[in-house]
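Quick one: the structure is below, questions incoming.
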């Protein structure tokens, strides 16, 4: 099984950026092959990585549902075989990593089938990769649906505020409440202003029992690249946000190189 690293947090905390930096870190350090999973229906991990998405699991869900309803599944192929074929087609090949995108189902209907496809896809593919990086959807729904069965390391990403810490603590609470298989959980405080993290925020994190992996500063370079539509993994390693992220990854992942 792949060593699974998940990134969770509410929307706007920068979790997708951190997930993209992590994928790039693993590839640059030859900790490959890597499967990057964008589990957020509002998918944009591909943009951080500079990848074009041709097929999402949400689109596959629609296609299978319609073809099954209309009796248009390929002749001589079971529904299970057809699903497996489509899952293989959904894997986007990159340099040192592959990408699987949840996407948003079109039309009416819940995400249950698409979530089921994501579970099946990660179960089938995990043995083919050394690392799997999962960018969770904004919020806690992905965790409560148990889309990812086992997580070796989870980073709960918070903005630099008390409310952000409260949201990260809810991730911890849900993991404990649902008895999810998450081996290690650490907090990353992102977009820290020049004055640094206040004692009140540190105290709040400690009060919740959140272990701090590190902090990442507010970096104008990220906004610049975003505004120009440039992949964030193309940012120089010397910019403050990337330097801070690299330090965190060195501490918690470099020892896993021989996993």
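We did not get these values from a lab; they are worked out from the coordinates using the rules stated. As the structure is a computational prediction, the values presented were derived from the model and not from experiment. Note that each Cβ is placed from the backbone with ideal geometry, even for glycine, and that neighbours are counted across all protein chains shown.
Between residue 32 and residue 77, how many nm apart are label points set 7 Å from Cα along the C-beta direction?
Output for this residue pair reads 2.9 nm.
Treating the angle as unsigned and between 0 and 90°, give the value, to the nearest 10°, between the Cα long axis of helix 79-90 and the longest Cα principal axis of the chain.
Its long axis makes an angle of about 50 degrees.
To the nearest 10 degrees, how steep is helix 162-177 against the longest Cα principal axis of the chain, on a 0 to 90 scale?
For 162-177 against the chain, the angle is about 50 degrees.
Right, next: Take each of the peptides 166-174, 222-230, average the number of other beta-carbon atoms within 10 Å over its residues, and list them starting from the highest.
Details: 166-174: 19.0, 222-230: 12.1.
So the peptides 166-174, 222-230, ranked by packing, come out 166-174, 222-230.
So how tilted is helix 240-253 from the main axis of the chain? Cα-based, degrees 0 to 90, rounded to 10.
70
For an R0 of 45 angstrom, estimate the FRET efficiency from the Cβ-Cβ distance between residue 224 and residue 67 and round to the nearest 0.05.
Details: r = 44 Å, r/R0 = 0.99.
With a Förster radius of 45 Å, E is 0.50.
While we're on this one: By average Cβ neighbour count within 10 Å, what is the ranking of 93-99, 46-52 from highest down?
46-52, 93-99
On to the next question. For the chain, what does the equivalent ellipsoid look like in terms of its semi-axes, each the square root of 5 times an eigenvalue of the Cα gyration tensor, given largest first in whole Å? Could the numbers behind the result be given before it?
Working: eigenvalues 206, 79, 59 Å².
Ellipsoid semi-axes (Å, largest first): 32, 20, 17.
Distances longer than 20 Å among the Cα atoms of region 1-104: what percent of all pairs is that? Write down the numbers at each step before the final one.
Working: 2427 of 5356 pairs.
That fraction is 45 percent.
What is the distance, in nm, between label points placed 7 Å from the Cα along the Cα-to-Cβ direction at residue 123 and at residue 166?
A separation of 3.8 nm, rounded to one decimal place.
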